Structures are given as structure tokens and as C-alpha cells.
Amino acid sequence: MSGPLQGQIAWVTGAGSGIGLAGAQALAAAGATVVLSGRRASVLETAAETVRAQGGKAEVEVLDVSDATAVSAVAARILARHAGRIDVLLNSAGTNTPKRFWRDQSVEGWRQVLATNLDSIFYTTHAVLPAMRARGGGLVINVSSWAGVHHPKLTGPAYNGSKHAVTAMTETINMEDGVHGIRACCICPAEVATPILDTRPVPPSAEERSRMLQPDDLGRTIRFIAELPPGVCINQLIISPAWNRMYVNDL
């Protein structure tokens, strides 16, 4: 499939569903070869087949993004296959736990959320930046959250803390590596109708989900960012549905 990202390599974490899958599909539609990472091989293979059926190029690298050693190994394999190229890194892996408030948050749950939402983004970014510097450019897109710029109650301390940290960490990439042609964008969406909603203590209804942002909305946003000229950096993008439950209800 030809397009403005033809010849580019995009590595996508959390690619099996939700925002990651939508982002991978959108980047592939723009011409990039997408490398899909996540923990479940069968889900990733299905996602890759979906991309290929739409005319895109997709590869699969099964990965637990919270494992620093595994992340480094996967990054090395991708770079070896593609002549040292990873042009776009889309960090979309994320999680939360049903027991998420101070009254019931466990140490194990805290560590799981921080490992997936924050540590993994450090691991993947740390793994790709040297190659991006060597090539004189690259794009890192980190999916944070409305909870990364505001303080909603319903998401809890681990999620809010991890997403605020992602927002802050993303900008340090621009501070240090903008001079090397590397750009980083932190996308901060309000509610998106993805499977992570099922981990809430009270999952939203089908009607409520229909009014939220949809994964394809984020896919189009990711493609827009990736297609901008290499001298343009959108540092942070906050996106929400017009019918925003964060405003409509006291959540």
C-alpha cells in the first residue's frame, strides 16, 4: 500500500486491540510497515491479518512490554530486519485494575499499572532513540490519558500517577532530542470505547460507550501526527468526545 509513510517502519505496542490496533491500521494505510507487539500471539496474528487484508504490511513481535530485557531484544530484531530503521514508535499499551482506589489498591496492582503504563514506555523509547539519532529523525507517540493532564476520580492513584508521568516524560524527549530531528507527541484522550473499560469497578453501558471517542478516532489522530512534516512537532494533544462524561457527570 502506497502513501505518505511509504518505506517507514512503525513499531506499535498494545497493538492487539483498541487504540493500538486502530493506530497500526491507520499507519499501515498511510504506507508504513507496522510491527505489532503485545502479549497474546493469536490476537496479534489476527490483527496483522486484518492489516494485510486492507492492503497493509504487518509483522508480529510477541512481547511483554514490562520486561525490559525482552523489549530490548525485540527492538534489536526489528532494527536488524529493517536496516536500522524504526521511524515511528507508538506506545499504546495500557492497563488499570478494578481495585484502584486507596481503600482497595494493592501493592501488586500498583506495580502492574506502573509497569505497563510507564515503565514500558521508558523501555521502548530507550531502545529506539539511539537508532533514531543515528538516522537523524524519528517520531515517538505516547498514549497518555485525560488522566494525564487532569485529575479524574474514577481512574485511581496508580493510573493517574502513571499517566501524568507519561505526559512529563514525553516532553523530555523533545527537550533532549529535538535537536536530533526526533519528535515526541503525548496524546491525552478522554474516554475511548476500548476493552480497558471492562476493568472498571462499574463498566460503562453500551449507550455510554457509543458517545465516547472510538478507536478509529484515535487512529485518524495518530495518522495525522505521523504525516506531519518532519520539522513539525505536536508536543501534546488533548482529545475528547463532545459529550464528555468528565463534564456531564461528577466522575
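The values are calculated or read from the model by the stated rules, or taken from the named source; none is laboratory data. All of these numbers come straight from a predicted model, not from anything done at the bench. Using ideal geometry, Cβ is built from the backbone for each residue, glycine included, and neighbour counts are taken over all protein chains shown. Only protein heavy atoms, including side chains, enter the accessible area calculation; ligands, DNA and RNA are left aside. Shrake-Rupley method; radii C 1.70, N 1.55, O 1.52, S 1.80 Å.
Relative to the longest principal axis of the C-alpha atoms of the chain, give the angle of the C-alpha long axis of helix 18-29, reported between 0 and 90° and rounded to the nearest 10°.
30
Would you tally the net charge around Asn96, using a Cβ to Cβ cut-off of less than 11 Å, leaving Asn96 out, and scoring K and R as +1, D and E as -1?
So the surrounding residues net to +3.
What does the charge add up to near Trp110, with Lys and Arg as +1, Asp and Glu as -1, over the other residues with Cβ less than 15 Å from its Cβ?
Details: positive: Lys99, Arg100, Arg103, Arg111, Lys163; negative: Asp104, Glu108, Asp119.
Around Trp110, the surrounding residues sum to +2.
According to a simple spin-label model (label point 7 Å from Cα along Cα-to-Cβ), what is the distance in nm between Ala83 and Ile234?
3.0
For the chain, with all protein chains present and a 1.4 Å probe, just round the carbon and sulfur fraction of the accessible area to a whole percent.
On the way: 6060 of 11060 Å².
Solvent-exposed carbon and sulfur of the chain make up 55 percent of the total.
Please calculate how many Å² of accessible area the chain carries per residue, with a 1.4 Å probe and no DNA, RNA or ligand atoms counted.
44
How much length would be gained if the chain were fully extended between Ala206 and Asn244, taking 0.36 nm per residue of separation minus their Cα-Cα distance, in nm to one decimal?
12.2 nm
Relative to the longest principal Cα axis of the chain, at what angle does helix 120-135 sit, 0 to 90 degrees, rounded to 10?
Around 20 degrees separate the two axes.
Assuming R0 = 22 Å, what is the FRET efficiency of Arg103 and His151, from their Cβ-Cβ distance, to the nearest 0.05?
Approximately 0.80, to the nearest 0.05.
Helix 41-53 versus the longest principal axis of the chain: what is the Cα-based angle in degrees, 0 to 90, to the nearest 10?
Helix 41-53 sits at roughly 60 degrees to that axis.
Could you work out the local net charge near Leu79, counting Lys and Arg as +1, Asp and Glu as -1, over the other residues with Cβ closer than 15 Å to its Cβ?
Local net charge: +2.
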